[in-house]
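First the structure, in the form of structure tokens, and then the observations on it.
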Amino acid sequence: MKKSTISVKTNNEMKKRAVAELSAILYRMEKGKHNKELDRETVKQLCSSLKSAYNDLDDSVGTGQENLQFIAAETANSIENAKKALEQPITKKLEKAVNDLIYAVVMWNDVNSGKLKLDSESDLASRNNTRTGLQLEESLSRIDQMIADIHVLVNKLDDEIEEAESELAELDRKMLAESDERKLNDLFRSVRTAKSKIEMFTVRKSSYSACFNLLEMIHANGKQILAGAAFAPKEAADASDLLDLRTVSRIMDEPDSVVVVLRKMNDSLRDLAARTETIDRKVSSLDFGNTAPGSEALAYKEMLVQRQRDAQPLSEESAVETETKG
């Protein structure tokens, strides 16, 4: 990236361009000038959040000594992504694009206020990686809560199955003791109802158990990706995007549907975890100077030691000659 001169004029020009672009995006969102298949309520919420960040940026005043080059480029890139997302019919993509844009604008405000310094691309990458890590940790925390909630549901279903089985056993005893045909028919209807309840509860328990197991696998893969995020930032970012658990939360009362969603999520996350492990293994195999010295290193050190030994007698002899002459 070509380095720009830091000055009040340059910074004001960059801010002016960004504010104008943001204003245009807000206008499109407010007036519905976007893909008609996007969820209106979501667009409205995103617009409100973006407008708040936009107002803060518009009102912010720096000293003119801030390095805005990198955050301005990040914001411009995020603006372009948001524009593209507004043209597409996928609400989830728009959410990501606008949230990334909001994050960039918030960082710009922090730079202007002196809370943050972004003097290089590595500073920006580090900040984005930190955000990704926090998002992953938040997702893993939500998964922990889901696992706990499902554990409660499974225990409740166990109780309902036990109660229905007790009811069925009691009905069986009554049928054995009953001789009246009309009453037998009534009891048998109750038996079929009890058996249906047991079957329904058992199927739901099986589905929730499958959800439980899948969530535990997703959590394990997520932790592995988080551990290697420093060396595999792209995989971590992809995992953060993938772990959108809102759909799962919305359909938690339909465990069969949840299983389908979680299986797809787990398959994708497992691939990311495998890629992260490969990258981590490659990084670990590199010589950063903290591994055992190789034969060449030992030979070179031995040469230096020998050179030092050879030089010592000469130094001592020179010192004696100097004293004699004195």
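The values are calculated or read from the model by the stated rules, or taken from the named source; none is laboratory data. What you see is a predicted model; the values in this text were computed from it and never measured. Reconstructed Cβ throughout: ideal geometry from the backbone, glycine too, with neighbour counts over all protein chains shown. When the accessible area is computed, the model is the full protein with side chains, heavy atoms only, and any ligands, DNA or RNA have been set aside. Shrake-Rupley method; radii C 1.70, N 1.55, O 1.52, S 1.80 Å.
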Evaluate the Kirkwood expression for the hydrodynamic radius of segment 125-268, namely the inverse of the mean inverse distance over all pairs of different C-alpha atoms, and round to one decimal in Å. 17.8 Å
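Using only alpha carbon positions, build the gyration tensor of segment 242-285, then give the equivalent ellipsoid semi-axes as the square roots of 5 times its eigenvalues, largest first, whole angstrom. Walk me through the intermediate numbers first.
Numbers: eigenvalues 187, 16, 5 Å².
Values for segment 242-285, descending: 31, 9, 5 Å.
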Farthest toward the dipole's positive end in the chain, which of 228, 148, 60, given Cβ charges of +1 (Lys, Arg) and -1 (Asp, Glu) about the Cα centre? 60
Please report, in debye to the nearest 20, how large the charge dipole of segment 53-119 is about its Cα centre when each Lys and Arg carries +1 at its beta carbon and each Asp and Glu carries -1 there. 300 debye
I'd like the accessible area for residue 103, computed on protein heavy atoms only with a 1.4 Å probe and all protein chains in place. Round to 10 Å², please. 50 Å²
Spelling out what I want: for every residue of segment 267-278, take phi, set θ = phi - 60°, compute 6.51 cos²θ - 1.76 cosθ + 1.60 (Karplus), and round to whole Hz; glycine and proline get x. 4, 5, 5, 5, 5, 5, 5, 5, 5, 4, 5, 5
Gaussian network model of the chain, springs between alpha carbon atoms under 10 Å - residue of 185, 81, 112 with greatest fluctuation: 185
With all protein chains present, segment 103-207 has a carbon and sulfur share of its accessible area (1.4 Å probe) in percent of 50 percent
Taking K and R as +1 and D and E as -1, what net charge do the other residues with C-beta under 13 Å from the C-beta of residue 8 add up to? +1
Gap in Å between the Cα centre of segment 91-133 and the Cα centre of segment 5-49? 16 Å
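Segment 179-220: percent of C-alpha pairs farther apart than 15 Å? Working shown, then result.
Numbers: 525 of 861 pairs.
Here the tail beyond 15 Å accounts for 61 percent of pairs.
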Dividing the alpha-carbon Rg of the chain by 2.2 N^0.38 Å yields what? 1.67
Enter the accessible area per residue of segment 67-201 (Å², integer; probe 1.4 Å; all protein chains in place). 57 Å²
Given Cα positions, please report Rg to Rh for segment 1-104, the hydrodynamic radius being the Kirkwood one. 1.01
Convex hull of segment 186-263 built on C-alpha atoms - directionally averaged projected area, nm²: 5.7 nm²
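Using Cα pairs closer than 8 Å and at least 6 residues apart in sequence, work out the relative contact order for segment 117-229, in percent.
Dividing the mean separation by the residue count of segment 117-229 yields 42 percent.
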Could you size up the charge dipole of segment 163-215 around its Cα centre, putting +1 on the beta carbon of Lys and Arg and -1 on that of Asp and Glu, and report it in debye to the nearest 20? 220 debye
Alpha carbon convex hull of segment 80-163, projected area averaged over orientations, nm²: 8.7 nm²
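Dipole magnitude of the chain about its Cα centre, charges +1 at Lys/Arg Cβ and -1 at Asp/Glu Cβ only, in debye to the nearest 20?
So the dipole magnitude of the chain works out to roughly 1480 debye.
What order, most packed first, do the peptides 114-125, 213-224 have when packing is the mean number of other Cβ atoms within 10 Å of each residue?
Per-residue mean Cβ counts within 10 Å order the peptides as 213-224, 114-125.
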